[in-house]
Amino acid sequence: VNATDAEEFTAFVATRSPALLRTAFMLTGDDRAAEDLLQTALLATVRHWRRIRERESLEAFVRRVMVNERRSWFRRRQSGEVAVAEIVESMTPDFTGRSADADLVSRALLTLPHRQRATVVLRFFDDLSEAEVASILGCSVGTVKSQTSKALIKLRAALVNIDERCEL
Amino acid sequence: VSEAEDRLRDALHRAADRSNAVAPSAERLLRLHRHHVYRRNAMVGASLAAVGVGAWAVTDVATAGGSGSDTVGVRPATSPSSRGTPLTNAACAAGPLVTPNPSAASPSPSPSPSSLRADAAAQDQAAAAAAQAAHDATEHPSTATSQEKAALDRISLPDPAPGFPVWRAKDTTAMTDFGSGVAWTRTMLRAVKPGTSTTEGSGVIDTTPNGQEATVMVACHGAFPTTPRAVGAAHEYPVIGTTTARGQAATVVRSDTHQIGVLVTVDGWDIAAYGDYGAVPNDPVTPAQLVTLVDALEHLDG
């Protein structure tokens, strides 16, 4: 990374990292995990800076790394790696006013499988097109449509479940 | 449907508003990137040495990384630490310890383009200084540094090393730049499976890993941070937890997309074991595997 690359990378981080961090938070549901996820993705970005800059959207690359890395973390935990400081899904319940909806949706989002969750976040939070989501997830547009449909059905069911439990 | 989707969008954005996460600074990321380059070069250098290309030295590391070390300085061996384990040993007590220049400890949060250029120039100067310091220590060793190097030469892993039976390279003792300074370092590179070697036109044999690899590095205390607090203060990699190695509290870091590390200080030695599983992304190295390697280290008695 030469001085010019460093300047460009610094500008990219300064302008885009706040939005990317919000995406990371929606993918992980945890502040600390979101910080780690974004850092990992940005390190991968700086490592391949020139190649990425020439070939594709930097933001799309960062989002792709975050989605894939998030899946890797999940697999690692499944395969027995003991992350000593376990990531805590720390969504504090809050049922006052408008924040109630946000809280319910956050918690419902955590119940979705990784791919469906990523689809919902990229499609409805980042407002990406189905084609852009397909590119990031490495699948067809048809798969994005079906994953979105399944995700919304599950999300609706989860919202009802959580809402009922809260009322009890 | 559209109205429902709009409500979902709204709720998602309000959920994100509740996050208190803090984005990493570009300066920190660039620093971490440089550290990665150092270690990657160290591994590549060790591999090349094993196939007869020649020993690597910090000069190669400093220049191959583009912009070199942040800073270089020399710290007395009796630097304070909060650890309960002994922080010196006979081999290290009189040896040189190289530490960061305090001026680099507090990077500006929003560097301007001109300050970045100045930083890059300063880093190049520091890299040259690091290379010179390493060269001097190698070419004109004092009694103390000879003693330190001899002690490091004796440090080894059992053959086969537990969990990583394949030698990827001959063990080396060389000056290594950790980004925060240079220090004599014992480097041991092992793998689970043999790699696939190809000979390039220049005659250099390039070996591609086929599975998990582990790099164990040992240096006198002060060469690199090993506690969660010190790793954080040095803007090192994310700490993902703690564990125990050789009876001491050890720090587990995720140093890269496909790397984790276990860092510990034992009897005056800083020990870093990094697991790399980039060749097979779904086969991650675990902290337990790295702890087993660290526990198996021999001849740490100085």
Which of (1) free of Cβ contacts under 8 Å to residues at least 40 places away in the same chain; (2) more than 22 Å from A:Arg107 (Cα to Cα); (3) of a type outside the set (S, T, N, Q) is the odd one out, the single condition A:Glu35 does not satisfy? (2)
For region A:104-122, give me each residue that is free of Cβ contacts under 8 Å to residues at least 40 places away in the same chain and at the interface with another protein chain (Cβ under 9 Å from one of its Cβ atoms). A:Val120
Answer yes if at least one residue in region A:25-37 is facing chain B (nearest Cβ under 7 Å), surrounded by fewer than 17 Cβ atoms within 10 Å (Cβ to Cβ) and modelled with pLDDT under 90, and no otherwise. no
If you go through region A:50-59 one residue at a time, how many are assigned to a helix (DSSP H, G or I), of a type outside the set (A, V, I, L, M) and surrounded by fewer than 18 Cβ atoms within 10 Å (Cβ to Cβ)? 5
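Is it the case, given these coordinates, that A:Ala118 is modelled with pLDDT of 50 or more and not hydroxyl-bearing (Ser, Thr, Tyr)?
Here the answer is yes, as A:Ala118 does meet what is asked.
The values are calculated or read from the model by the stated rules, or taken from the named source; none is laboratory data. All figures in this text were calculated on a predicted structure; none of them were measured in a lab. Note that each Cβ is placed from the backbone with ideal geometry, even for glycine, and that neighbours are counted across all protein chains shown.
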